[in-house]
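*Asks:* Below is the structure I would like to discuss, written out as structure tokens.
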């Protein structure tokens, strides 16, 4: 026991004054460990803080962004301004994030549609300089339109408001009324098809060539695709969709299935008619 006690005393003396070495604080290591744990806790707390959204590659082209937005719940919440202004007719309200339900937009369908007044407007689809875009649902039976207002802020697309209201006069109202009857009344449809109907498709003998021909009304019923009857989607890149226009183009794009159809309408003698049909589906 004496030997143990003596050894301890000698060790203490060596540590405290031996060889002029710097004294060691026995709590230094423990303090460092505590600080390290505290730093990790701070790091964890910081990780729990909602990060500011940052631009992603899909922000360059709105079409790429909107498909990501509709399919990714985390991205959708990050790119929605909360509380989100929501207008039901003239009644305003706001949606808090905790009450937000994921909106798949049109991605649960096998296709989506777009409306244009003229062919040149379709070039806006690939415009990377856009700063504002509206995604729309046009409900044919109730004559309602639901608009999602997207704005590009600091290079990032953000949903800033939603507006649900009746279609107003001069806002495709005339064409929507015609189209609703056109797709639900076969007799009315037959009277509003140009005869012969211009028909553009892929040459069955050469898939790299386009075939331009015509169809009579009976052939139209043999070749016609299924047309949306309940609602139309629309992505408004800035193109004008007005009742004053005497031409309308309905573009139907498949989602992941190579489907691509375009219907060309025009007004002649005060009546709308389908005068050209294009099917370049793969």
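*Asks:* Being in a loop (DSSP other than H, G, I, E, B), in contact (Cβ under 8 Å) with a residue 60 or more places away in the chain and either within 11 Å of residue 158 (Cβ to Cβ) or in contact with a strand residue (DSSP E or B) (Cβ under 7 Å, 6 or more places away or on another chain) (or both) is the filter here, so list the residues in segment 50-90 that pass it.
*Replies:* Listed by number, the residues that qualify are 53, 55, 79, 81, 89.
*Asks:* Hey, another quick one. From the list 181, 194, pick out the single residue that is surrounded by 13 or more Cβ atoms within 10 Å (Cβ to Cβ) and free of Cβ contacts under 8 Å to residues at least 12 places away in the same chain. Show your work before the answer.
*Replies:* On the way: 194 fails: free of Cβ contacts under 8 Å to residues at least 12 places away in the same chain.
Every option except 181 fails the conditions.
*Asks:* Something else now. Select the strands (runs of 3 or more DSSP E) contained entirely in segment 91-206, then report the ones holding at least 1 residues which are touching a helix residue (DSSP H, G or I) at 6+ places or on another chain (Cβ under 8 Å) and closer than 27 Å to residue 260 by Cα. First the steps, then the outcome.
*Replies:* Working: elements: 91-95, 111-116, 132-139, 144-153, 156-166, 193-202.
By residue number, 111-116, 132-139, 144-153, 156-166, 193-202.
Yes/no per residue for (1) buried (at least 19 other Cβ atoms within 10 Å of the Cβ); (2) in a strand (DSSP E or B); (3) touching a residue at least 12 places away in the same chain (Cβ under 8 Å); (4) touching a strand residue (DSSP E or B) at 6+ places or on another chain (Cβ under 9 Å):
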| residue | (1), (2), (3), (4) |
| --- | --- |
| 234 | yes, yes, yes, yes |
| 242 | no, no, yes, no |
| 261 | yes, yes, yes, yes |
| 278 | no, yes, yes, yes |
| 282 | no, no, yes, yes |
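Read the figures in this text as sums done on the coordinates, not as results from a lab. Small disclaimer: the values here were computed from a predicted structure and weren't measured. Using ideal geometry, Cβ is built from the backbone for each residue, glycine included, and neighbour counts are taken over all protein chains shown.
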